[in-house]
Amino acid sequence: MDLSDFEADNSVSCRLSSSIPDVCKTEDCCLGIDEAGRGPVLGPMVYGICFCPVSRKEDLKNMKVADSKTLSEAERENLFLKIDKAKGFVGWALQVLSPNTISTSMLQRAKYNLNALSHDAAIGLVQYALDCGVQLKEVFVDTVGPAEKYQDKLSQRFPGVEVTVRPKADSLFPVVSAASICAKVARDHAVKSWKFAEDLGDVDADYGSGYPNDPKTKSWLLKYLDPVFGYPQFVRFSWSTTQTLLDSKAAAVHWDDDEEDEEKAAARQNNASMLSYFSRNKPSELTHTRDTHRFFTERKLQSINTL
C-alpha cells in the first residue's frame, strides 16, 4: 500500500483511494465502513470504505474476507492485495487521521470528541464515494456509539441510501470486513514506517501494540517523554495515559484562564498587575522613591492622581 501522500506530512490527515470501477458508476452498489486504531495511544486512526456492485457481493465473499482482528498480519496483507487487484468491481478509500489531528480536535476549546470525529470521517468517505459517481444503494457500518442513533444520523444525511449500523458489523457483512482489512493494513504500514519530524536520533521502534495497557508501550512513552516539550507527534497527547504521565513527569506549566480576572491572576503568581501601575493606590513595591527620568523633567511632566 502506497502511503507516500500521508508520509509527506504525517502531522495532518490524508485521504487515499483506489480507482473507481466503471461498473460501480452504473450498477447499484453496497458499501462497508470500518476503522482501525481507535484505541491505541500511538499512531493514526484509519477509517476505511470498500464498495462493489450489489450483484457482486458473493464474489467479494468468495475472497474469504473476514474481520481484520481475527486475521494474522500476513493474511491481511494477502487479502488486501486480492481486494486491490479486483479493480474491475471493487473500490476502496481511506481517511488517515493523524495523531496530531485527533489530539488537537479533542483538546480544542469547542470540544470535538472521538465519536464525533469518527462519525465525520465516515460521513466524509461516503460523500466521497457519491461524489465520485458510485451508485450507492446500501451502506453497512460498524457502529460507534449507540447503533440506532448513528443509523438515524446517517439515514438523514444520505436519504435514498439504505443504511444498516450494527455492532461487530465487520464479522457480519463481507463488504465491512473488506473495509476493515484496508483500514488495518494502512494503519500497520503507517506505524511501521513512521517518520519522526522531531530530532530523536535512532528511535526505538519496539513500542509494542500501541495500546495504553501494553507494558512495552508504557515503557516507550516514559522513554520519549520530554519534560518541557512533551511527546513527539506520533503520540496522541489527548489520551488519559499520556496526560497522567505528563502531569507526574513533565515540568509544571500554568496557563492563565482567559476568564480569570487579570489582577487575581497576578496576585496568584505574586506579581504586580499591569493595572496597578495606573491606579491611585499603587502597590508598595512601586512606591519607592527614585529619580525621575530626564525625559519627564525636561518637559516639566509630572504624575497626577486626579484629573
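The values are calculated or read from the model by the stated rules, or taken from the named source; none is laboratory data. Please read all numbers here as calculations on a predicted model, not as lab measurements. Counting neighbours? That spans all protein chains shown, and the Cβs are built from the backbone with ideal geometry, glycine included. Accessible surface areas use protein heavy atoms only, side chains included; no ligands, DNA or RNA. Shrake-Rupley method; radii C 1.70, N 1.55, O 1.52, S 1.80 Å.
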- Please tell me if VAL23 is in contact (Cβ under 8 Å) with a residue 12 or more places away in the chain, open to solvent by 20 Å² or more (accessible area, probe 1.4 Å) and more than 13 Å from LEU94 (Cβ to Cβ). yes
- Query: at pLDDT below 90, part of a helix (DSSP H, G or I) and either touching a helix residue (DSSP H, G or I) at 6+ places or on another chain (Cβ under 8 Å) or open to solvent by 60 Å² or more (accessible area, probe 1.4 Å) (or both), is that true of LYS264?
  - Reply: yes
- Inside region 184-237, can you point out the residues that are touching a Pro at 6+ places or on another chain (Cβ under 9 Å), in contact (Cβ under 8 Å) with a residue 60 or more places away in the chain, farther than 11 Å from LEU42 by Cα and outside any helix (DSSP H, G or I)? ALA197
- Failed item in (1) out of contact with any Asp or Glu (no Cβ under 8 Å at 6 or more places or on another chain); (2) surrounded by fewer than 23 Cβ atoms within 10 Å (Cβ to Cβ); (3) on the phi < 0 side of the Ramachandran plot; (4) not polar (S, T, N, Q), with LYS137 passing the rest: (1)
- Just need a number here: residues in region 80-93 that are assigned to a loop (DSSP other than H, G, I, E, B) and farther than 26 Å from ASP120 by Cβ. 4
- Message: Restricting to region 142-162, count the residues that are in a strand (DSSP E or B) and at pLDDT below 95.
- Response: 1
- Residue count, region 16-30, condition closer than 28 Å to TRP194 by Cα and touching a helix residue (DSSP H, G or I) at 6+ places or on another chain (Cβ under 7 Å), comes to 2
- Note on the structure: Within region 238-261, residues open to solvent by 60 Å² or more (accessible area, probe 1.4 Å) and either at pLDDT 90 or above or in a helix (DSSP H, G or I) (or both) come out as SER240, GLN243, THR244, ASP247, SER248, LYS249
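Out of GLY37, GLY91, report the one residue that is crowded, with 23+ Cβ neighbours inside 10 Å, on the phi > 0 side of the Ramachandran plot and among the small types (Gly, Ala, Ser). Walk me through it before giving the result.
Numbers: GLY91 fails: on the phi > 0 side of the Ramachandran plot.
Of the residues listed, the single one that is crowded, with 23+ Cβ neighbours inside 10 Å, on the phi > 0 side of the Ramachandran plot and among the small types (Gly, Ala, Ser) is GLY37.
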- Task: Go through (1) of a type outside the set (D, E, K, R); (2) more than 29 Å from LEU81 (Cβ to Cβ); (3) surrounded by 14 or more Cβ atoms within 10 Å (Cβ to Cβ) and name the single condition PRO146 misses.
- Result: (3)
- Single condition THR26 does not satisfy, out of (1) hydroxyl-bearing (Ser, Thr, Tyr); (2) modelled with pLDDT of 95 or more; (3) touching a strand residue (DSSP E or B) at 6+ places or on another chain (Cβ under 8 Å): (3)
- Message: So, in region 94-116, exactly how many residues are open to solvent by less than 10 Å² (accessible area, probe 1.4 Å) and either hydroxyl-bearing (Ser, Thr, Tyr) or part of a helix (DSSP H, G or I) (or both)?
- Response: 4
